[in-house]
């Protein structure tokens with residue numbers, strides 16, 4: 001059967017025809033000399049469909065509404081994340097060549113090049129491969145061997161429409177009731193927010209829920225590297241960056257889009273994820289009178305956000321002192337997400353402020369609320385921020 005499938009695959013590639021079921025069946029019969037049984041034809045059709053349509057054997061995983069990530073590592077081993085961390089999947093790709101073919105086909109579907117001259121790709125599969133699961137799409141990342149030493153690696157992240165508001169996140173256990181009240185006050189006060197955390201910790205989910213709580217009369221401009229944010233809000237304008245083509249032309253960066261967003265009469269400017277020098281433009285935008293902006297950033301803890309932003313700002317040519325000056329004026333609150341064995345949770349809420357006890361004034365983050373501990377002694381810093389914006393502190397009524 002393997003030999004027959006290989007011959008059929010070669011025939012289809014040489015013919016260049018659309019691999020419809022009829023075309024595949026004709027190719028199977030032609031390569032078998034017309035003596036293939038109906039069972040042989042059906043078996044070959046099943047194997048080839050997995051290779052030629054959608055994400056093949058990964059499709060059932062992507063259709064599962066619980067799935068957030070599907071990862072294929074060297075040797076065809078598949079793992080899936082259904083919200084509680086990675087676990088072995090009930091499928092496996094047969095060999096390295098199968099993983100490579102699947103990665104290259106998905107890259108082509110995303111309009112990207114993936115070969116020995118361009119051995120890695122980051123792309124977007126609109127609507128999901130094969131229409132999987134009704135998702136908005138799947139974010140694709142792949143690295144070919146031998147750059148990936150142990151074999152081609154494929155990462156698929158399922159991006160679904162925003163399904164949670166702050167209330168539903170509280171019911172799920174992501175937020176504690178006191179944290180939900182605090183976040184609603186932060187949104188109402190139009191405080192600028194950074195959501196920090198590790199990969200897959202729920203940063204985008206929380207940010208979308210926050211934006212859903214914004215006054216419907218306000219206009220939100222989102223700028224993203226990949227189209228992930230889709231908040232439940234009537235006035236959202238989404239801008240998505242575009243990589244350069246094979247010739248190196250046509251690219252549109254986050255920094256370009258941030259400049260355009262400021263000309264589009266935004267009430268709030270949001271960056272899906274700050275990954276590099278665009279942090280300089282984000283801080284500049286938040287310092288131009290656009291209160292209530294937001295973004296996400298990778299960081300290990302709420303206290304380490306300033307250090308992380310220092311590193312990113314250096315990529316944009318901003319000096320350390322300038323970064324701290326801009327940050328102190330632009331951002332007021334940091335929300336830190338963490339993935340736990342029981343799911344994703346809001347770990348801490350911090351307020352930014354100046355630390356002047358020694359040396360130049362630098363920005364530090366003071367935790368004002370922590371999961372499991374509640375309010376800290378620094379809560380008065382947040383109390384003053386809310387009072388300045390005319391918003392009652394949620395704890396004042398308790």
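The values are calculated or read from the model by the stated rules, or taken from the named source; none is laboratory data. Everything numeric in this text was worked out from a predicted model, so none of it was measured. Because the Cβ atoms are built from the backbone with ideal geometry, glycine has one as well, and the counts that use them run over all protein chains shown.
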TODO: Give the stretch 204-217 a look and list any residue that's in a helix (DSSP H, G or I) and either touching a strand residue (DSSP E or B) at 6+ places or on another chain (Cβ under 8 Å) or within 22 Å of residue 82 (Cα to Cα) (or both), or say none.
DONE: 204, 205, 206, 207, 208, 209, 210, 211
TODO: Could you run through the stretch 134-165 and say how many residues are surrounded by fewer than 19 Cβ atoms within 10 Å (Cβ to Cβ), in contact with a strand residue (DSSP E or B) (Cβ under 8 Å, 6 or more places away or on another chain) and modelled with pLDDT under 85?
DONE: 1
Open item on the list: Condition first: surrounded by fewer than 20 Cβ atoms within 10 Å (Cβ to Cβ), modelled with pLDDT of 80 or more and within 12 Å of residue 159 (Cβ to Cβ). Can you find one or more residues in the stretch 114-132 that meet it?
Closed with: no
Open item on the list: For residue 395, only one of the following conditions fails: (1) modelled with pLDDT under 90; (2) outside any helix (DSSP H, G or I); (3) surrounded by fewer than 22 Cβ atoms within 10 Å (Cβ to Cβ). What is its number?
Closed with: (2)
Open item on the list: Looking only at the stretch 361-371, how many residues end up being more than 12 Å from residue 349 (Cα to Cα) and either assigned to a helix (DSSP H, G or I) or out of contact with any helix residue (DSSP H, G or I) (no Cβ under 6 Å at 6 or more places or on another chain) (or both)?
Closed with: 2
Open item on the list: Checking the condition modelled with pLDDT of 70 or more, out of contact with any strand residue (DSSP E or B) (no Cβ under 6 Å at 6 or more places or on another chain) and in a loop (DSSP other than H, G, I, E, B), which residue from 7, 66 passes?
Closed with: 66
Open item on the list: Quick check on the stretch 91-113: of everything there that is buried (at least 16 other Cβ atoms within 10 Å of the Cβ) and within 21 Å of the chain's Cα centre (by Cα), which residue is nearest to residue 142 (Cα to Cα)?
Closed with: 103
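Quick one: in the stretch 241-258, of everything that is part of a loop (DSSP other than H, G, I, E, B) and closer than 24 Å to residue 137 by Cα, which residue is modelled with the lowest pLDDT?
Keep residues of the stretch 241-258 that are part of a loop (DSSP other than H, G, I, E, B), which gives 241, 243-251, 253.
Narrowing further to those that are closer than 24 Å to residue 137 by Cα: 241, 243-246, 250-251, 253.
On the way: 241: 85, 243: 75, 244: 74, 245: 70, 246: 67, 250: 82, 251: 83, 253: 84.
Ranking the candidates gives 246 first.
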Open item on the list: Among the residues that make up the stretch 308-315, is at least one of them without any contact (Cβ under 8 Å) to a residue 24 or more places away in the chain, under 14 Å from residue 352 (Cβ atoms) and in contact with a helix residue (DSSP H, G or I) (Cβ under 6 Å, 6 or more places away or on another chain)?
Closed with: yes
Task: Residues that are surrounded by fewer than 20 Cβ atoms within 10 Å (Cβ to Cβ) and under 22 Å from the mean Cα position of the chain (by Cα), drawn from the stretch 292-306 - done: 298, 300, 301, 304
Open item on the list: Looking at the stretch 97-109, I want the residues that are more than 10 Å from residue 121 (Cα to Cα) and have a partner that is at pLDDT 85 or above and surrounded by fewer than 18 Cβ atoms within 10 Å (Cβ to Cβ) with Cβ atoms under 9 Å, at least 6 apart or on another chain. Which pairs are those?
Closed with: 99/73; 99/145; 100/145
Open item on the list: Exactly one of these conditions fails for residue 238: (1) in contact with a helix residue (DSSP H, G or I) (Cβ under 6 Å, 6 or more places away or on another chain); (2) closer than 26 Å to residue 113 by Cα; (3) modelled with pLDDT of 90 or more. Give me its number.
Closed with: (1)
- [ ] Look through 169, 182, 191 and report the one residue that is part of a loop (DSSP other than H, G, I, E, B), touching a helix residue (DSSP H, G or I) at 6+ places or on another chain (Cβ under 8 Å) and over 27 Å from residue 99 (Cα atoms).
- [x] 191
- [ ] Inspect the stretch 194-203 for any residue being in contact with a strand residue (DSSP E or B) (Cβ under 9 Å, 6 or more places away or on another chain), part of a helix (DSSP H, G or I) and surrounded by fewer than 17 Cβ atoms within 10 Å (Cβ to Cβ) and give the result as yes or no.
- [x] no
Task: Which listed residue, of 390, 353, is part of a loop (DSSP other than H, G, I, E, B) and more than 17 Å from residue 201 (Cβ to Cβ) - done: 390
- [ ] Considering only residues that are touching a helix residue (DSSP H, G or I) at 6+ places or on another chain (Cβ under 8 Å) and assigned to a loop (DSSP other than H, G, I, E, B), look in the stretch 320-346 and name the one that is farthest from residue 176 (Cα to Cα).
- [x] 331
Task: Criterion violated by residue 390 - all others in (1) at pLDDT 90 or above; (2) surrounded by 13 or more Cβ atoms within 10 Å (Cβ to Cβ) satisfied - done: (2)
Task: Subset of the stretch 259-286 (residues that are surrounded by fewer than 21 Cβ atoms within 10 Å (Cβ to Cβ), touching a residue at least 24 places away in the same chain (Cβ under 8 Å) and not in a loop (DSSP other than H, G, I, E, B)) - done: 284
